[in-house]
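One structure is given below, encoded as structure tokens.
The values are calculated or read from the model by the stated rules, or taken from the named source; none is laboratory data. Remember, predicted model here, so these are calculated numbers, not experimental data. Neighbour counts are summed over all protein chains in view; Cβ atoms, including those assigned to glycine, are modelled from backbone coordinates with ideal geometry.
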Amino acid sequence: MYSLILAVAVRYTYPLLLLFAAFLFLKGHNSPGGGFIAGLLTAAAIVLSYIASKRSPGDGPDRFFVNLIGFGLCVALTTAAVPVFLGYPFFTHTFGFVDVPLLGKVELASASLFDLGVYMVVVGNVVTVIRAMTGQ
Amino acid sequence: MGAVLIALLLPFAGAILLNLFSAPRSARAGWVASLFAGASFLAVASAALGGIEQPPTLYLPWAPALDLSLSLLADGLSLLFALVISAVGVVVFTFAAAYLEPHEQRRRFFCYLLLFMGAMLGVVFSSNLLALFVFWELTSISSFLLIGFWHHKERSRYGALKALVITATGGLAMLLGFIMIGLVCGTFEIPELLGRGDLLAASPWALPAVLLVIAGAITKSAQFPFHLWLPTAMEAPTPVSAYLHAATMVKAGLYLVARLGPIMSPLPLWTPLLTVIGIATMVWCSYLALRQSDLKGLLAFSTVSQLGLIMSMLAAARPEAAAAGLFHLLNHAAFKGALFLLVGVIEHEAHTRDVCELGPLRKQMPKTHLLLALGALSMAGMPPLGGFISKEMFLEQALHLGPLLAMLSVAGAVLTAAYCFALAFGVGRGRKTEGASATATSGAEAPHDPHFSLLWGPGLLITVALLFGLFPQSLAGALVAGAVEAAVPGSSLHLHLSLWHGFSPTLAASAVALGSGYILYSRWWQTRTPDNPLLVTDRIYDFKLEKLESWSKAVTVSYMSGLVWRYNTIILCVGVAAISAVFLCFPVPQLQAWPARSPLVFEVAVALTAIAAVIGTCIAKTRLAAILSLGASGYTLALMFALLGAPDLALTQIMVETISVALFLAVFVFLPSWRPPETRPLRPGHLALSITAGCGACYLVALARGHRTATSIAEFFIENSAKLAGWHNIVNVILVDFRGLDTLGEISVLGIAALACYAAIKMAPQRS
Amino acid sequence: MELLVLAVSAAFLSGGLYLMLDRTLLRVVIGIGLLSNGTNLLLLSTSGLTPGGAPILAAAGHGETAIVDPLPQALILTAIVIGFGVTALLLTLAYRTYQSQGSEDLGELHGRLADE
Amino acid sequence: MSNLPILPVALPLASAVVLLFLRDRPALSRTVAMAANLVTFAAAAKLLLTVRDQGIQVLQFGNWPAPFGIVFTVDMLGALMVMVTMVVSTATLLFACFSLDEPRERMFFYPLFQFLLVGVNGSFLTGDLFNLFVWFEVLLISSYALMSLGGGAYQLQETFKYLVVNALSSCLFLIGVAIIYSLTGTLNFAQLSVRMAEVPDPALKAVVAVIFMLVFSIKAALFPLYMWLPRAYFAPPTVISGLFGGLLTKVGVYALFRVVSLLFADLPFVLPLLVFVAGATMFFGVIGALSQWDMKRVLSYHIVSQIGYMIMGLGLFSQVALAGGIFYIIHHILVKTALFLIAGAVEKSRGTTNLRRLGGVIETEALLAGLFMVAGLGLAGVPPLSGFIAKLLLIQAGLQQGSYGIVAVSLLVSFLTLFSMMKIFRYVFWREEGLPRIEEGGNRARLLSIAVLVLLGVAMGLGASVVMPYAETAAEQILNPQLYVAAVLGEP
């Protein structure tokens, strides 16, 4: 599977892909994108890097991506559950605008946090599945 | 009523305590159980001596919403049966304690026996039809367990199952009848039902209810044609046979007839049907008894025949007949219980109960034989034993039944006398053939009278049978009179039981019966070799059971293919058929177009590509081609999403499709050693089915979309997405906010899927 | 346009179902893939293919032209992702089955692993 | 607005996440899983009592008003189902802790178990059609995972078939969602109930009804769509079969109760059709059971047959019948799980559940035999056990409505069930000693978990007057969907 061209190509596109994923994640509030898509893209990038590298995808830390699923669920659930302790129904979101120097008015929404959880689960899922299947 | 409640609870308490505090094979279990039975008997006796309280019921609610209560009723009828149950119970318990071998599971045995006793008391004390049914079923179950107590024997298991199958079927029929009665009359309480018989008579359910209740009664009492289970039930340990299958359980059917008589006897068919069944059973089964060589088989058929006699009496719902039946029931409990126990003793000592293999008992076991003969003579109706009086009363009543039934009754009495003589004299004389004697003597020592612990029980019962003959009025008069009063309410019977009734046609009939019986015995029975004929009903039962098994197998195998495409075919066929049926039954609505726009050329091209990709996937010859076409169809789909104003979907679809295709390829193509898939010819049936289903689904959606009745809830999302949730990408807002819970579930699915894949790959297969 | 969308989803559904009635492991799996894609497209057709844009509000917030019904899109997104999870598991099972049995003919597999 | 209704979903989800991290420490996992289950159990009990005292509970997620956001709507039926789920899952978990092999425990058994509860409870509580789909998928994918866990060839193959059938039914579900959303423009059950009643065209309503009945019939294993069940439930380890046997099909049954009562009860053909299907399901199920010679397979077929009784209650659709059906569901979940666990204990003891090779188990495991006897009789509806009360209600309702056919079938099936239970008893517990004992099948923990279920079954029978009011309230709410609608959308 290893090919030099691919390896070189991936070396440069990998960070770009991750950056694009981050962009999609942040853009998702107001234009197409969001946690799912960003997560899938990130996972694709990671898988690509496996393919390009000499390592077999099955090598390396086994637990990280499984744990990532757990963390993602944890983040999502916590975001949803916090309002309960403040006396609101489960899943109540809030948002607000904060003035950040240099960037101007930035929107902060608790829903983003939930989206982050989604992102983590998607990445964890795809990478775990692909590693499991190809890492025999 | 307190005493009755205690009597009812004691056996159950005993069963529980026995289980908690006794070793499985404890020798003490029997004595402890006997103690509980004895206490229960004392409680019943004290209730009986205390006279009948007014009102004789105790209401114990169970599920009031269902009119289900465990209320108790202690009138004369209940007390008579309860006395028989508990008194015979005490004798049988003590007998069994001495009878069972030390290695047997005594705890289990006595636990079952106590359960049975409690259930039986429950049947006769219940004042609610449903509660009666509860205990009724419990007797069937405990009888199943007791018959199968020696469960390693094939015959025991067979007998247990047969008894259960027949009594449970009858029980269910009876339940249905009870529910009908309850629904019509508005109550399940027996005392209240008594006043509402006319409601039942006026209802269309009267006849079914009668038939169903009769079915319950005659299966339980092993009446013709359901007499088949009792002989095979004789595989039970002898104390069980004595208790359940002679003295008590089989009498539950009689109790039911007596108890419901006041309500049911005015209804059509009740009296005639039961009378005919009773007399027929009496004649036919006494004939069968005469042909048995197995002593227990003989007694079993004799029990059935005697029960038939009592049944015919109780069905008549006349006070005199009821008195005859109930008094005979008392006698029967005494002598038949004793006879069974004695056969048990004989089997215990001689290791056989076949008439042809027994030695001269009169010499070998004189005491046992004396008791056996007395019991048999009481059954034959020989004065001065109790059986004589009740037989007289029976014959007197039978003369009222019309010439044919009267003649049959006398014939039954003749046959009964014949097998009783056979039991009394034939067995004692010894019919052992030479060959059999050689094998018997070569083995153990010759049989002899057992220890007193095994004899006093039957002795006591025989004594009671004797005393019933000598002092009938003082011993049983009040009891029977009280019971008659309950069974035939409003009767004014001046019952006087006595040995001597003066010269009458009845006496002549008695004499004829005894005389002819003796002749039959000496001329016919002694000269032929008894066998154990296989019953026709038995054959039917076996055949049906076998059929049930083979038929169920055939039916199940025919559709449970285990092939997944057949499952799918069935689902699709059912779906298509159901939807077609809907369109056949209801007017088909017009297909209405919702605001549409004409497609651009580009869009048509994309759509055609997608269709082509799908067809390509279906007809692909290699794996790689199939997977790549699948990918192509997915990407064109993404394009369509984009064209339809769903950029989020398009992006997601592209990513998912890429990863899916990668997975497909990883699994199906790049792994070595895979055979190429066989190419399969086109399957026109499947194709037609799938096209019908696929196009049908689209048609339905289009149809529904044209008939929208209200605005979509999505208006709310469009309106409030930016205002209340702060974001502008509505789809994303729906996903994380409006319908965030869906997303939470969805990422759970993703997580689980990953775990499952991981586990499936990493875990070495378990060898099972 | 509606007819076109419906025709495409009908093709997806029919093709998927046809493959699901096959006895080859891979085709059944592919069939499920087609089927869920077809279902998604069908679901999207309910959003009303009115001339309108993607359900994304302009930054200003109000007053733009009619947009398509966003709800089916959200539902489809959920369905796509769930479908992906299921497909991944299905593939794993298929792979493991083949790996241990060396056959992908479901009838043959069933015969081989017949009850006990 | 109280957040109580989310707890039976959120707590198992949280514990699943925690257990995911504890996968390498089985001993700790057991404790945590058990503790989590008990907490959820308490929450379910609190929810049940709240519903009893205050009526239908509604939780609007994200504070979005009812038809727009997702709601959990907890009526008596839902609360009861969640409660029973927690009872049997706790018992099953106890059994699993003491019977499962360590490789399975390390391969996420406990998280998957909790995820399954998430899906099951979510399905019982949700008041939104699409959300129901999502929870269905959660429970299905957990069940695929649990079913294939361990990876024997037979297991994999049966999981594959189970998955394929369910994938088909899920697509059908989505098509149903597409149709009903096209028609009414909403997904909220309460609003659907209102809007479906306003749909003028009977054919379209009938189409929707047929599709959803088809979908849930597959999940609930109704005639003629139950072919997938017996083999699928035979494949996994017995404790997992037990959990499935008790719970999973009942989610389908619950969904049928829900949609039929809210959406389709006024269509003329729905109820008679259900009665017919109920009769066929019970009959063919029990015939299937009679043809089998393996304890687990017999029990699996009996699941099918018993589901017929529940649907009979729904099809007769009267106060008495519905109460009977609901009573039956609860009874069946308890008793059937107990029976599967007994099969599991027998398997532990003798290494097989094959009737022909077993025998004489009563001599070494008398208590197990006793528990089987009670549970088996309970399943067959022998009084005074729980099944009797349920059948009594159903038969009464059937007679009152003049549906003699279904009454006759239900009695016949009761009898055949008894016969089949006694067949197991005769072959497994009676007879000469079959295979020798490998280990003590009924060790204390396993016996405890079985005994709890059996005793609850007995208590349900004897204490019918305690349970009946709940079933009756649930039946009343089902008969009067306007109560449900009013609770969600406010008084009209």
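Of all residues in region D:475-485, those satisfying the criterion of being of a type in the set (A, V, I, L, M, F, W, C) and more than 14 Å from D:Arg195 (Cα to Cα) are D:Ala475, D:Ile478, D:Leu479, D:Leu483.
Of the residues B:Ala702, B:Ala764, B:Ala759, the single one that is more than 7 Å from chain C (Cβ to nearest Cβ), over 30 Å from A:Thr78 (Cβ atoms), out of contact with any Cys (no Cβ under 6 Å at 6 or more places or on another chain) and at pLDDT below 90 is B:Ala764.
Of the residues that make up region B:742-753, is at least one of a type in the set (Asp, Glu) and facing chain C (nearest Cβ under 8 Å)?
Of the residues in region B:742-753, the ones of a type in the set (Asp, Glu) are B:742, B:746.
Remaining after also requiring facing chain C (nearest Cβ under 8 Å): B:742, B:746.
Looking through region B:742-753, at least one residue is of a type in the set (Asp, Glu) and facing chain C (nearest Cβ under 8 Å).
Would it be correct to say that B:Phe110 is within 30 Å of D:Glu433 (Cα to Cα), in contact (Cβ under 8 Å) with a residue 40 or more places away in the chain, more than 11 Å from every other protein chain (Cβ to nearest Cβ) and under 16 Å from the mean Cα position of the chain (by Cα)? Before the answer, list the steps.
Values: within 30 Å of D:Glu433 (Cα to Cα): yes; in contact (Cβ under 8 Å) with a residue 40 or more places away in the chain: yes; more than 11 Å from every other protein chain (Cβ to nearest Cβ): yes; under 16 Å from the mean Cα position of the chain (by Cα): no.
When the stated conditions are applied, B:Phe110 does not pass them.
Say whether the condition of being touching a Gly at 6+ places or on another chain (Cβ under 9 Å) and surrounded by 20 or more Cβ atoms within 10 Å (Cβ to Cβ) is met by at least one residue in region B:193-203. Spell out the reasoning first.
So in region B:193-203, the residues touching a Gly at 6+ places or on another chain (Cβ under 9 Å) come out as B:193, B:196, B:199.
The next check asks that each one be surrounded by 20 or more Cβ atoms within 10 Å (Cβ to Cβ); those that pass are B:193.
Looking for residues that are touching a Gly at 6+ places or on another chain (Cβ under 9 Å) and surrounded by 20 or more Cβ atoms within 10 Å (Cβ to Cβ), one finds at least one in region B:193-203, hence yes.
Yes or no: region B:730-738 includes at least one residue that is assigned by TED's automatic domain parsing to the domain that holds B:Gln590, modelled with pLDDT under 85 and among the acidic types (Asp, Glu). No, there is no match, as no residue in region B:730-738 is assigned by TED's automatic domain parsing to the domain that holds B:Gln590, modelled with pLDDT under 85 and among the acidic types (Asp, Glu).
Of the candidates B:Ala722, B:Ala714, the single residue that is facing chain C (nearest Cβ under 8 Å) and over 30 Å from A:Phe71 (Cα atoms) is B:Ala714. B:Val614 passes every criterion in (1) under 25 Å from B:Leu651 (Cβ atoms); (2) more than 7 Å from chain C (Cβ to nearest Cβ); (3) of a type outside the set (Asp, Glu) apart from (2).
Residue count for region D:160-200 satisfying the condition of being modelled with pLDDT under 90 and touching a Phe, Trp or Tyr at 6+ places or on another chain (Cβ under 8 Å): 0.
If the condition is being modelled with pLDDT of 80 or more, surrounded by fewer than 21 Cβ atoms within 10 Å (Cβ to Cβ) and assigned to a loop (DSSP other than H, G, I, E, B), then region B:451-498 contributes B:Phe471, B:Pro489.
Scanning region B:539-551 for residues that are assigned to a helix (DSSP H, G or I), within 10 Å of another protein chain (Cβ to nearest Cβ), touching a Gly at 6+ places or on another chain (Cβ under 9 Å) and of a type in the set (Ser, Thr, Tyr) turns up nothing. Restricting B:Leu295, B:Leu330, B:Leu342 to residues that are touching a strand residue (DSSP E or B) at 6+ places or on another chain (Cβ under 8 Å) and either crowded, with 24+ Cβ neighbours inside 10 Å or modelled with pLDDT of 85 or more (or both) narrows the list to B:Leu295.
Residues in region B:244-270 that are closer than 14 Å to B:Ile85 by Cβ and not in a helix (DSSP H, G or I): B:Thr248 alone. Of all residues in region B:123-139, those satisfying the criterion of being part of a helix (DSSP H, G or I), surrounded by 24 or more Cβ atoms within 10 Å (Cβ to Cβ) and more than 8 Å from chain D (Cβ to nearest Cβ) are B:Val123, B:Val124, B:Phe125, B:Leu129, B:Ala131, B:Leu132, B:Trp136, B:Thr139. The residue that is farthest from D:Arg297 (Cα to Cα), counting only those in region B:554-603 that are in contact with a Pro (Cβ under 9 Å, 6 or more places away or on another chain) and more than 10 Å from chain D (Cβ to nearest Cβ), is B:Arg597. Of all residues in region D:199-235, those satisfying the criterion of being facing chain B (nearest Cβ under 7 Å) and either among the charged types (D, E, K, R) or touching a strand residue (DSSP E or B) at 6+ places or on another chain (Cβ under 7 Å) (or both) are D:Asp201, D:Arg231. Of the residues that make up region D:151-161, is at least one more than 7 Å from every other protein chain (Cβ to nearest Cβ) and within 30 Å of D:Leu22 (Cβ to Cβ)? Within region D:151-161 (the criterion being more than 7 Å from every other protein chain (Cβ to nearest Cβ) and within 30 Å of D:Leu22 (Cβ to Cβ)), the answer is yes, since at least one residue qualifies. When B:Leu624, B:Leu630, B:Leu651, B:Leu644 are screened for being more than 14 Å from chain A (Cβ to nearest Cβ) and over 60 Å from the mean Cα position of the chain (by Cα), only B:Leu624 passes.
Elements of the type helices (runs of 4 or more DSSP H) sitting completely within region D:210-308 and holding at least 2 residues that are at positive phi and surrounded by fewer than 23 Cβ atoms within 10 Å (Cβ to Cβ): there are none. For B:Met234, the conditions (1) assigned to a helix (DSSP H, G or I); (2) at pLDDT 90 or above; (3) within 23 Å of B:Met120 (Cβ to Cβ) are fulfilled apart from (2).
Every residue, every condition in (1) surrounded by fewer than 24 Cβ atoms within 10 Å (Cβ to Cβ); (2) facing chain B (nearest Cβ under 7 Å); (3) not in a helix (DSSP H, G or I), yes or no:
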| site | (1), (2), (3) |
| --- | --- |
| D:Trp135 | no, yes, no |
| D:Val138 | no, yes, no |
| D:Leu163 | no, no, no |
| D:Ile180 | no, no, no |
| D:Val194 | yes, no, no |
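Could you tell me which residue of region B:141-162 is farthest from the other protein chains (Cβ to nearest Cβ), considering only residues that are small (Gly, Ala, Ser) and surrounded by 24 or more Cβ atoms within 10 Å (Cβ to Cβ)? The selected residue is B:Ser143.
Matching residues to (1) under 21 Å from the mean Cα position of the chain (by Cα); (2) within 9 Å of chain B (Cβ to nearest Cβ):
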| residue | (1), (2) |
| --- | --- |
| D:Gly325 | yes, no |
| D:His332 | yes, no |
| D:Thr337 | yes, no |
| D:Ile342 | yes, no |
| D:Glu347 | no, no |
| D:Asn354 | no, no |
| D:Arg357 | no, no |
| D:Gly370 | no, yes |
| D:Gly387 | yes, no |
